[in-house]
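The values are calculated or read from the model by the stated rules, or taken from the named source; none is laboratory data. Just so we're clear, the structure is a prediction, and the values are computed from it rather than from any experiment. Here the Cβ positions follow ideal geometry from the backbone for every residue, glycine too, while neighbour counts run over all protein chains shown. Surface accessibility is based on the protein's heavy atoms, side chains included, excluding ligands, DNA and RNA. Shrake-Rupley method; radii C 1.70, N 1.55, O 1.52, S 1.80 Å.
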Amino acid sequence: MTAIPYTTVIGLEVHVQLKTKSKLFCGCSTEFGAPPNTQVCPVCTGQPGALPVMNQRAIELALLTGMALNCRIDEVTKWDRKNYFYPDLPKGYQISQFDQPICGAGYLEFPDPDQPEKLMRVRLTRAHLEEDAGKSMHDEAAGKADSRIDLNRTGTPLLEIVSEPDLRSAQAAKAYLTELRLLLTFLGVSDCNMQEGSLRADANVNLHIEQDGRSIATPIVEIKNLNSFRAVERAISYESQRQYDLWKATGQELGRAPKQTRGWDDTAGVTQPQREKEESSDYRYFPDPDLVPIRITAAQLSAAEKALGELPSAARQRLETTHELKAYDADVIVSQGKGMVVYFDKAIEAGAPARRVSSWLQQDVLRTLNEKNLTIEKFPVTAKQLAELLIAIEAGKLDNSRAKTVFAFWLEHPKADLAMAMNELGIETVDDGVLETLCRELLEEHPQIVEQVKAGNLKGLGSLIGAAKKKNPNADPKQVRDLCQKLIMSN
Amino acid sequence: MKLEELSAVELGRRIAARELSSREVTLYFLDRANRLDGELNAFIHIDSEEGLRLAESADNAISHGDVASPLAGVPVAIKDVLCTSSMPTTCGSKMLEHYQPPYTATAVKNLTRAGLVPIGKTNMDEFAMGGSTETSHFGLTRNPWAKDRTPGGSSGGAAASLAAGMVPLSIGSDTGGSVRQPAAFCGVCGIKPTYGRISRHGLVAFASSLDQVGPLAHYVEDVAAILQLLSGHDNRDSTSLKQPVPRFTAELNKSLKGIRVGVIHEHLEHEALDSEVRAAVLDGQRVLEDLGATLVDVTLPHTKYSVPTYYLVAPSEASGNLSRYDGVHFGFRSRVSAALESPLDAMIARSRSLGFGAEVRRRVMLGTFALSAGYYDAYYKKALQVRRLIANDYRAAFERVDVLLGPVTPRPAFQLGENTDDPVRMYLEDLFTVGANLAGIPAMSIPAGFTAGGLPLALHLEGPAFGESRLLNVAYQLQQAKFFNAKLAPV
Ligand SMILES: [Zn+2]
């Protein structure tokens, strides 16, 4: 049986925890990792009579995000109650936004994972604010079935960013999430830490199958419990195949079966049906009478616009055009986050050549960051130091391998300047006379190589470099090579 | 000396002048309350110890020349719907039978800061849902004027405690008439201020967009004095008014010459209006005319929709507000067998079925239904639209008149048990009072003599938003000129 061609259609719902000091409707801290139920008050525990008071900072961060995502922003937005019973939801309703979200339709553009020089555009349906629920912890050890609830997280501000079903592959979904995270961290609106739950993604997936000249859609499945970008990618791939197999077996189409919720089991590598929270999922939304509608002022909008700064797409563009980096290189640097772009810019400002900065950032700096588990903000070698080093290489004062030695030295002794480091490491610039004497010695000691080179075989020059380094570690390999060749040919 | 025959302002004056101590005044009223409550059941909780502690601290402050307010040292009763960290707060429900709030309502805090002495929590219809104080889990309250009759509700305990001279001041709450109707039935004054005038922080919510705290007293000047202390912006309540609070006592003596008093056609000519109640209103009209006021006929054309509108808006909001009582976080929890297929759902359902009384369950079901998918537009949304029309009726009326005069209730206090089996008939008792809640305007009930059978009669005064000063002015002039009840019920 031949496989029938199909397209995977994916929409993502991303919950992002906004970086506010206090919760959305009370003054409690949003710090992660405190002992259970130590960051709570009458408001976030839903005590009778307690009332929500909106956190203005959450509005600012949502506006900033909405602008960066090209969203329509209406003048008035409001709060609604989403009603459902769940033990980690102390009020029995969640304060959310139903029909007037703070951010309306928008879009996100990012390099297409298959053709990095092209942009992929994903339309956004909306982005709305809501409060987070608490955490249920089930202690089923020894059959006790003891459930405990931690309300520290209850009331933490979330922005739910909903995309249109514009994504067509697991890789594209991952690329979208990667760009979204990059954008949000550039803006500083969220930590986007999946382990700590400050970024959570659900995927809506179905297939469009081409058969006999018509397009058949399979029932939509919402995949939850996606705890890493890798999980998103794997779960979507798995789910596409599962839906295809199921369609082959049953022929079930969209509309004939209800939307299903499935959870991703990362260890088993499968999606599994989840028990529905509310069978009918009628949340009986209605405007929250405890909160007044919010009027977004022109002043707020212009403040958000000012606070936007350079976004990842603009940074890529600038690195390509102003600094003549390849699209790929610009993307690698920008993808490391705003800190890396700032570091790059400082190095350029200090006079280092862009391409050399780019290659050092992508190799030595990135490798060290990964090895030492550091962020660029905490990197011991400053952009100015690196620039000084790269300028010295460019001027032929030291070669790449000696430069790497200086770089390694700086990691241990960050206070040293270039002269100190070179002095400490015994690195000095070899002057032309000394170099010529060295090369003449080498040629005398290796007559067979001289013969080979004369015969047109230049390979042997390489081994001369090794020998030269033994005599004088400061000898520049390129200069040794060039000078030796010149001496042989002129002989 | 019969302290119960003095006004609260006079008690405060004598305490400030140290002619009386707060301790002796508090002891006196505690003694009366304890003695009379066996028969009336106006209180759910009397706290002699806390009352005396606060009285002593008031005396102590006054002895140092620190008189916090004109009512410092005066005892007050608090409806059991306002959270108090020093006393349990039950809302008249089994659900909250053992609930001890971790915080105190702003309204109560404002009073204690002003040196008043809360001595107990008064009985009420369960979660303030009802008009007879018969739905309380802690037994019904009797009307001190006729013990086989209702004191009204839901603030029945507040009005009865005052009428019986158990306290000189009482605090209630009014969602659809819950201060004004019991005040009318018990022959005392009661005001529902403009929505947002008094903080709702710590007022256990029934219907958030309608709920207002309101004080009750024998004398209009006492109402003005305590309203002054209760009012003001609270940053813990987003719906709290930012408008400055006028000096309510300053205008009590203002002449009524030239003021325009509206006579509401739909209220005065209503078929359900009792003839003695109607006669009292006509009598009120004559007195006002004698005082120089002009009578103007006005119409509130949407009056007939006010009760249906109210009974959609209030239960809808209540269904959300009462969701927090799920047996998980606070309140009554029913035990269920862990062997059930879904023990959690069963626990929530059983806790709510057993913890709430019939009237609360009826309203929660009504509200849940009205908000359900497919019914929202026809019920809740339509109700909000009509609510706007009702508010517009009032706005139009207040372009022509300064205050409205009418009946508070269709008839005087009815027999206990009379409406128990007919909830709709019970709801229709709210006919004249719900309009002010729906429109968010201030309204007041003042005594107006007695029926031939000896039951208190009352007048209803309504004013435009923020118009409490004018209401109190008219009420004071009426009370001075004629309508002054014998004050205390014969207990
Ligand atoms: Zn809190």
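Assorted remarks:
- Test: residue in segment A:68-86 that is within 12 Å of chain B (Cβ to nearest Cβ), outside any loop (DSSP other than H, G, I, E, B), of a type in the set (Ser, Thr, Tyr) and over 24 Å from A:Leu183 (Cα atoms): no
- Matching residues in segment A:19-34 - criterion: being within 12 Å of the ligand (Cβ to nearest atom) and hydroxyl-bearing (Ser, Thr, Tyr): A:Ser22, A:Ser29, A:Thr30
- Residue match in segment A:225-246 (condition: in a strand (DSSP E or B), open to solvent by less than 20 Å² (accessible area, probe 1.4 Å) and assigned by TED's automatic domain parsing to the domain that holds A:Arg153): yes
- Of all positions in segment A:66-77, none carries a residue that is on the phi < 0 side of the Ramachandran plot, surrounded by 22 or more Cβ atoms within 10 Å (Cβ to Cβ) and within 16 Å of the ligand (Cβ to nearest atom).
- Pairing residues of segment B:340-351 that are on the phi < 0 side of the Ramachandran plot with residues that are of a type in the set (A, V, I, L, M) and modelled with pLDDT under 85, at Cβ distances under 7 Å and at least 6 apart in sequence or on separate chains, gives B:Pro343/B:Val336; B:Ala346/B:Val336; B:Ala346/B:Leu340; B:Met347/B:Val336; B:Arg350/B:Val336.
- With respect to the conditions (1) touching a His at 6+ places or on another chain (Cβ under 8 Å); (2) open to solvent by 10 Å² or more (accessible area, probe 1.4 Å); (3) of a type in the set (Val, Ile, Thr), B:Thr135 falls short on a single one, namely (1).
- Looking at B:Ser316, B:Ser306, B:Ser275, B:Ser323, just one residue is away from chain A (no Cβ under 14 Å) and under 29 Å from A:Leu291 (Cα atoms), and that residue is B:Ser306.
- Subset tally (residues that are polar (S, T, N, Q), more than 23 Å from B:Gly131 (Cα to Cα) and not in a loop (DSSP other than H, G, I, E, B)) for segment B:354-400: 2
- Tally of residues being surrounded by 24 or more Cβ atoms within 10 Å (Cβ to Cβ), out of contact with any Gly (no Cβ under 8 Å at 6 or more places or on another chain) and of a type in the set (Lys, Arg) across segment B:145-198: 1
- If you filter segment A:256-276 down to residues that are outside any strand (DSSP E or B) and under 14 Å from A:Ile236 (Cβ atoms), you find that the one that is farthest from the chain's Cα centre (by Cα) is A:Gly269.
- Where a residue in segment A:294-321 is without any contact (Cβ under 8 Å) to a residue 12 or more places away in the chain and its partner, wherever it lies, is surrounded by 13 or more Cβ atoms within 10 Å (Cβ to Cβ) and assigned to a helix (DSSP H, G or I), with Cβ under 7 Å and at least six apart: A:Glu320/A:Ala327; A:Glu320/A:Ala330
- Condition check for B:Leu203: within 18 Å of B:Val179 (Cα to Cα) and within 11 Å of another protein chain (Cβ to nearest Cβ): yes
- Consider segment B:371-380 and keep the residues that are open to solvent by less than 90 Å² (accessible area, probe 1.4 Å) and over 26 Å from the mean Cα position of the chain (by Cα). The one that is farthest from the other protein chains (Cβ to nearest Cβ) is B:Ala378.
- Within the set A:Ala3, A:Ala62, the sole residue that is more than 30 Å from B:Val204 (Cα to Cα), within 31 Å of the chain's Cα centre (by Cα) and either within 15 Å of the ligand (Cβ to nearest atom) or more than 14 Å from chain B (Cβ to nearest Cβ) (or both) turns out to be A:Ala62.
- Counted residues, segment A:47-57 - those being within 14 Å of the ligand (Cβ to nearest atom) and either under 17 Å from A:Leu159 (Cβ atoms) or in contact (Cβ under 8 Å) with a residue 60 or more places away in the chain (or both): 4
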